[in-house]
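Step one of this worksheet: look at the structure below.
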Amino acid sequence: MTTTDPVSTTTAPDPGTPPVSVRREALYFAVRNGKLLVGATIVGIFLLVGIIGPFFYDQSPMAYVGQPMLPPSAEYPFGTNTFGQDILAQFVYGVRSTFEVGLLGGGLAAIIGMLVGFVAGYRGGLVDEILNMFTNVVLVIPTLAVLLIINAYLGIRSVAMQALLIGLTSWPWAARAIRAQTFSLRGRDFVDLARLSGVRTGRIILREIAPNMSSYLFMTFILLFGGSILIASSLDFIGLGPTDGVSLGLMLNHANQWSALMLGLWWWFVPPGIGITAIVGALYVANVGLDEVFNPKLREL
Amino acid sequence: MRQYFGRKLFIYGLTFFVAVTVNWLIPRFMPGDPVASMVARASISQPEAVAAMQAYYTDLFGLDQSLISQYFNFWAALVTGDFGISIWAYPKPVADVILGAVPYTLGLMIPAILLSWLVGNWAGALAARRKLLDNTVLPVGYILTATPYMWIAILLCWGFGVVLGVLPVAGGYSFALQPSWSWEFIGSLAQHWVLPFASLFLVALGGWAIGMRNMIIYELEADYSNYLAALGAPHRLIRRYAFRNAVLPQITGLALQLGVLVAGALVTEIVFSYPGIGSLILKAIQNKDFFLIQGTFLFIVLGVLIANFIIDVVYVVVDPRTRAGMAGAST
């Protein structure tokens, strides 16, 4: 799990520059940024594996296809586990559900974070006080502990449900960061102008404030995406993952539970870990690259 | 300063209240009859355990009473330290079971958190704006911080425990020993502590190093740094000032990361079957021991709140602005 302080790693974009030249300039620097390219490429490869892998590698992840405990071979590129299940098939489906959890959980968290952050930052006053207090309370409660008791009682059995709960609990830092950004934009002339001409609050936020921090919002989403993947894998590992599916965390859980370590079945527990680490790490690195693209201050280093 | 602490304590009190309420609500949100389904799911063989459980659940939920009095009864039980009876360790009270595991978790977490914070900040500060070092610290930091805690634990366990066979792979102490204050036992304790500690330490290290590196670069660009440089101040001095300013957000970051660190400790313990809270949670889930799960939840929340408060106190000591009543801490 990341210990990067998301608020400090992503610097604020400079608002108020004309959008067309910014976009062209961003593209110019994006294709020349090594970090962004490497990160995006790795994520892209895994995304491809997750999307089309299950079609090409036509093996059921749950079926007992071969001899148990086979080391990697031509027939089973990642070998088989103690039940004779094909580990490559599990891996391919696991990558898919990893992206599902990241996209749904991170997306939901980003939406809630934006909603709370925008409203608190733009409205200020009592609304801000209440939302801020709410944010702080959710922030202090350890996410995994809450998910633990909810999952234990409700018995979460699908990836979507797991992602929903992760999204509902992991938004607070994003809300705080977005609130601070909104706060600094609120007093700008163009926002005042919109307010003076009678534009409604929702529209001001959507049309004036959000576009001016779009790069920041996108980077927040990426960090939430990576965070959701890590939380989901921890939950799966504890044994509170989706039961009617495969995931990389669940693979680690099984490997640990059926003593793959003692038996020396390294091909069982190494691939899922590499998968999670590579996807999340690549997301973070791409995020730093994006930061450099959008923030001129960081470019010449 | 009084206002600063008052605000903090209010938030923490509110958080605890919310946590307890969530803890009370969730069993009642469950569709169907909670008592019957929980007794059925527990699938325990001892008849006296089933009877006790049924009686206890009915008594605790007090389903014939009004919701409000149920809620107050729940609080009353909590205040007296009554968390219910564990099903997995029947008939031990949940509070006792948890208190027996807490020292192991704390003994693992506190050194890992403090050391990784110190070493990570040091490494990050050293690497900032130094091309060669930065090119090693940054990628290593990103890989470490993206690694799931349990995977690094599994790799260390496999590498040092199984392949090399130099360190024990399971338990908090040798199974041949009984807990005592002998040197032999303490040695065994230390041996079993090394690998879980190392995995927690390593993952946390990466994040701190990256955070510190970014903060130092930011501080070195600030006006006061440029001013100092223009005055001809030595680099060491400028970096020292930058470090002192950069440490403040890292302290706030420590508070923000507590939840993640706790989660990391839990899964690490599970890998090593370390007899702390994490292993307890695993047993509770496997045995459908809901009282134990709810009890550990409250203990974790309480622990995180206390740690948050300690960090707040440290912040006041370190940052003079909070003492002067100016805006300093933002958590």
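General observations
- Counting residues in segment A:279-293 that are within 24 Å of A:Arg157 (Cβ to Cβ), within 13 Å of chain B (Cβ to nearest Cβ) and crowded, with 24+ Cβ neighbours inside 10 Å gives one or more.
- Residue in segment B:122-137 that is polar (S, T, N, Q), assigned by TED's automatic domain parsing to the domain that holds B:Ser273 and within 21 Å of B:Tyr149 (Cα to Cα) present: no
- Single match in A:Ile130, A:Ile156, A:Ile149 (criterion: at pLDDT 90 or above, outside any strand (DSSP E or B) and hydrophobic (A, V, I, L, M, F, W, C)): A:Ile130
- The residue of segment A:200-212 that is farthest from the chain's Cα centre (by Cα), among those that are under 23 Å from A:Leu168 (Cα atoms) and in contact (Cβ under 8 Å) with a residue 40 or more places away in the chain, is A:Ile205.
- Residue in segment A:225-245 that is closer than 30 Å to B:Leu258 by Cβ, part of a helix (DSSP H, G or I) and away from chain B (no Cβ under 11 Å) present: yes
- When segment B:84-113 is filtered for residues that are of a type outside the set (Val, Ile, Thr), more than 20 Å from the chain's Cα centre (by Cα) and surrounded by 22 or more Cβ atoms within 10 Å (Cβ to Cβ), only B:Ser86 remains.
- Selection of helices (runs of 4 or more DSSP H) fully inside segment A:1-100 by the criterion of at least 2 residues being within 14 Å of another protein chain (Cβ to nearest Cβ), at pLDDT 85 or above and in contact with a helix residue (DSSP H, G or I) (Cβ under 9 Å, 6 or more places away or on another chain) returns A:34-56.
- Selection of first residues in segment B:307-323 that are more than 14 Å from every other protein chain (Cβ to nearest Cβ) and more than 13 Å from B:Phe5 (Cα to Cα) and of second residues that are part of a helix (DSSP H, G or I) and β-branched (Val, Ile, Thr), restricted to Cβ pairs under 8 Å at least 6 apart or on distinct chains, gives the following pairs, ordered by first then second residue: B:Val318/B:Val247; B:Val318/B:Ile251.
- Residue check, B:Lys288 surrounded by fewer than 22 Cβ atoms within 10 Å (Cβ to Cβ), more than 25 Å from B:Trp117 (Cβ to Cβ) and at the interface with chain A (Cβ under 10 Å from one of its Cβ atoms): yes
- B:Tyr218 within 8 Å of chain A (Cβ to nearest Cβ), crowded, with 18+ Cβ neighbours inside 10 Å and either over 14 Å from the mean Cα position of the chain (by Cα) or of a type in the set (Phe, Trp, Tyr) (or both): yes
- Matching option when the condition is outside any helix (DSSP H, G or I), surrounded by fewer than 22 Cβ atoms within 10 Å (Cβ to Cβ) and either hydroxyl-bearing (Ser, Thr, Tyr) or outside the structural domain of B:Ile110 (by TED's automatic domain parsing) (or both), among B:Ser225, B:Ser180: B:Ser180
- Neighbours by Cβ (under 7 Å, 6+ apart or cross-chain): first from segment B:100-118, closer than 8 Å to B:Gly276 by Cα; second assigned to a helix (DSSP H, G or I) and of a type in the set (A, V, I, L, M): B:Ala101/B:Ile277; B:Ala101/B:Leu280; B:Val102/B:Ile277; B:Thr105/B:Ala265; B:Thr105/B:Ile277
- Some residue of segment B:136-159 being of a type in the set (A, V, I, L, M, F, W, C), part of a loop (DSSP other than H, G, I, E, B) and at the interface with chain A (Cβ under 10 Å from one of its Cβ atoms): no
- Where B:Val267 falls short, out of the listed (1) assigned to a helix (DSSP H, G or I); (2) surrounded by fewer than 23 Cβ atoms within 10 Å (Cβ to Cβ): (2)
- Qualifying residue in segment B:184-201 (condition: more than 14 Å from chain A (Cβ to nearest Cβ), crowded, with 19+ Cβ neighbours inside 10 Å and polar (S, T, N, Q)): yes
- Filter result for B:Met53 (over 29 Å from A:Val140 (Cα atoms), modelled with pLDDT under 70 and not hydroxyl-bearing (Ser, Thr, Tyr)): no
- Here A:Leu250 passes the criteria (1) in contact with an Asp or Glu (Cβ under 7 Å, 6 or more places away or on another chain); (2) closer than 30 Å to B:Glu219 by Cβ except the one numbered (2).
- Residues in segment B:113-122 that are touching a helix residue (DSSP H, G or I) at 6+ places or on another chain (Cβ under 7 Å) and more than 12 Å from every other protein chain (Cβ to nearest Cβ): B:Leu115, B:Val119.
- Reported count of residues in segment A:257-266, each being buried (at least 23 other Cβ atoms within 10 Å of the Cβ) and part of a helix (DSSP H, G or I), is 2.
- One residue stands out among those in segment A:142-165 that are facing another protein chain (nearest Cβ under 7 Å) and touching a residue at least 24 places away in the same chain (Cβ under 8 Å): the one that is nearest to B:Asp289 (Cα to Cα), which is A:Ala152.
- Residues being surrounded by fewer than 15 Cβ atoms within 10 Å (Cβ to Cβ) and assigned to a loop (DSSP other than H, G, I, E, B) - total across segment A:183-198: 3
The values are calculated or read from the model by the stated rules, or taken from the named source; none is laboratory data. Nothing here was measured: the structure is a model prediction, and the numbers come from that model. Note that each Cβ is placed from the backbone with ideal geometry, even for glycine, and that neighbours are counted across all protein chains shown.
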